[in-house]
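The values are calculated or read from the model by the stated rules, or taken from the named source; none is laboratory data. None of the values given here were measured: they were computed from a predicted structure. Quick reminder, even Gly has a Cβ in these numbers, built from the backbone with ideal geometry, and neighbours come from all protein chains shown.
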Amino acid sequence: MELDAFLKYIGLPSINAARRDGWIHFHHLYTQVVEHRALIISNKNPTSSIESVTVHFEIAKEAVGDEMPFKVTWTILDKNGKSGEIFVLNSYSLKP
């Protein structure tokens with residue numbers, strides 16, 4: 001909702017205006033931009049136990065029907081030096 005409000009504020013269409021899977025397609029593009037760059041948590045939030053998050057993007061070797069599968073792995077590092085991973089499997093339409 002915040003992204004849609006921002007886009008509206010600067011005069012751009014909603015993320016779903018051009019394609020029904022707009023958010024998923026945006027997620028696929030965004031993760032490629034921030035891939036392998038640590039997203040550092042600001043010191044302005046002293047209650048956060050997370051130090052940084054790193055994103056890894058993998059796209060399938062081939063489409064499945066009209067869908068292109070991809071995997072995003074989020075590696076989370078906490079302030080105690082421990083880390084863990086979460087991954088999401090998704091796909092976007094090749095025919096928006």
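The condition of being of a type in the set (Ser, Thr, Tyr), surrounded by 13 or more Cβ atoms within 10 Å (Cβ to Cβ) and more than 30 Å from Arg20 (Cβ to Cβ) holds for only one of Ser91, Ser42, Ser52, that being Ser52. Is it the case that Val64 is of a type in the set (Val, Ile, Thr) and within 13 Å of His28 (Cα to Cα)? Taking the combined requirement at face value, the residue does not satisfy it. Only one of the numbered conditions (1) more than 23 Å from Leu94 (Cα to Cα); (2) at pLDDT 90 or above is violated by Glu51, and that is (2). Screening the candidates Arg37, Arg20 for the property of being assigned to a loop (DSSP other than H, G, I, E, B), surrounded by 10 or more Cβ atoms within 10 Å (Cβ to Cβ), under 16 Å from the mean Cα position of the chain (by Cα) and of a type outside the set (A, V, I, L, M) yields one hit, Arg37. Filtering region 35-44 for residues that are hydrophobic (A, V, I, L, M, F, W, C) and touching a Phe, Trp or Tyr at 6+ places or on another chain (Cβ under 8 Å) leaves an empty set.
Against the test of being touching a Gly at 6+ places or on another chain (Cβ under 9 Å), in a strand (DSSP E or B) and acidic (Asp, Glu), the options Glu85, Glu51, Glu58 yield a single qualifying residue, Glu51.
Ile59 - would you say it is within 14 Å of the chain's Cα centre (by Cα) and within 16 Å of His25 (Cα to Cα)? Considered against the rule, which asks whether it is within 14 Å of the chain's Cα centre (by Cα) and within 16 Å of His25 (Cα to Cα), Ile59 comes out as yes.
Kindly establish whether Asn90 is in contact with a helix residue (DSSP H, G or I) (Cβ under 8 Å, 6 or more places away or on another chain) and not in a loop (DSSP other than H, G, I, E, B). Yes; evaluated as a whole, the condition is true for this residue. Within region 46-59, residues that are under 9 Å from Ile76 (Cα atoms) have Cβ atoms under 7 Å from residues that are surrounded by fewer than 15 Cβ atoms within 10 Å (Cβ to Cβ) and of a type in the set (Lys, Arg) in these pairs: Glu51/Lys79, counting only partners at least 6 apart in sequence or on another chain. I'd like to know if region 65-75 contains one or more residues that are part of a strand (DSSP E or B), within 17 Å of Leu3 (Cβ to Cβ) and free of Cβ contacts under 8 Å to residues at least 40 places away in the same chain. There is no residue in region 65-75 that is part of a strand (DSSP E or B), within 17 Å of Leu3 (Cβ to Cβ) and free of Cβ contacts under 8 Å to residues at least 40 places away in the same chain. Does region 25-32 contain at least one residue that is assigned to a helix (DSSP H, G or I), surrounded by 11 or more Cβ atoms within 10 Å (Cβ to Cβ), free of Cβ contacts under 8 Å to residues at least 40 places away in the same chain and of a type in the set (Ser, Thr, Tyr)? Yes: one or more hits.
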